[in-house]
Amino acid sequence: MYVKLKNEIDMPSIGFGTSLIEGDECITNIKLALQAGYRHIDTASVYRNEQEIGKAIRRTFYNK
């Protein structure tokens, strides 16, 4: 299922939550979620794990 955003983009209605994960555990879990098909990563700056999420995305899609 998807939610249509105001800019007409369809966003998956189920996201992978990141509020309680950090460090290497965060990187591993995000990589696994992306490999499983998740395309909505639910995050916020208050979680303080943006760096790890970015690393996981780069490593999953760009091998960096």
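The values are calculated or read from the model by the stated rules, or taken from the named source; none is laboratory data. On a predicted model such as this, the values are computed, not experimentally measured, just so you know. Cβ atoms come from the backbone with ideal geometry, glycine included; neighbour counts cover every protein chain shown. The area values use the complete protein model at the heavy-atom level, side chains included, leaving out ligands, DNA and RNA. Shrake-Rupley method; radii C 1.70, N 1.55, O 1.52, S 1.80 Å.
Restricting to segment 25-35, count the residues that are within 18 Å of MET11 (Cα to Cα) and touching a helix residue (DSSP H, G or I) at 6+ places or on another chain (Cβ under 8 Å).
Result for segment 25-35: 3.
Report whether or not ILE57 is hydrophobic (A, V, I, L, M, F, W, C), open to solvent by 50 Å² or more (accessible area, probe 1.4 Å) and part of a helix (DSSP H, G or I). Walk me through how you get there before you give the answer.
On the way: hydrophobic (A, V, I, L, M, F, W, C): yes; open to solvent by 50 Å² or more (accessible area, probe 1.4 Å): yes; part of a helix (DSSP H, G or I): yes.
Spelling it out, ILE57 is indeed hydrophobic (A, V, I, L, M, F, W, C), open to solvent by 50 Å² or more (accessible area, probe 1.4 Å) and part of a helix (DSSP H, G or I).
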- Message: Return the pair list, or none, for Cβ contacts closer than 7 Å from residues in segment 14-29 that are under 11 Å from ASP42 (Cα atoms) to residues that are open to solvent by 50 Å² or more (accessible area, probe 1.4 Å), at least 6 apart or on different chains.
- Response: GLY15/ASP42; PHE16/TYR38; PHE16/ASP42; GLY17/ASP42; THR18/ASP42; THR18/THR43; THR18/TYR47; SER19/TYR47
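I need a count of the residues in segment 36-54 that are open to solvent by 60 Å² or more (accessible area, probe 1.4 Å) and either assigned to a loop (DSSP other than H, G, I, E, B) or closer than 20 Å to SER13 by Cβ (or both). Break it down into steps so the answer makes sense when it comes.
We begin by selecting, within segment 36-54, every residue open to solvent by 60 Å² or more (accessible area, probe 1.4 Å); these are 36, 38-39, 42-43, 45-48, 50-51.
Among the residues that remain, those that are also either assigned to a loop (DSSP other than H, G, I, E, B) or closer than 20 Å to SER13 by Cβ (or both) are: 36, 38-39, 42-43, 48.
Result for segment 36-54: 6.
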- Task: Provide a single number: the residues in segment 14-35 that are open to solvent by less than 50 Å² (accessible area, probe 1.4 Å) and either among the acidic types (Asp, Glu) or more than 11 Å from the chain's Cα centre (by Cα) (or both).
- Result: 2
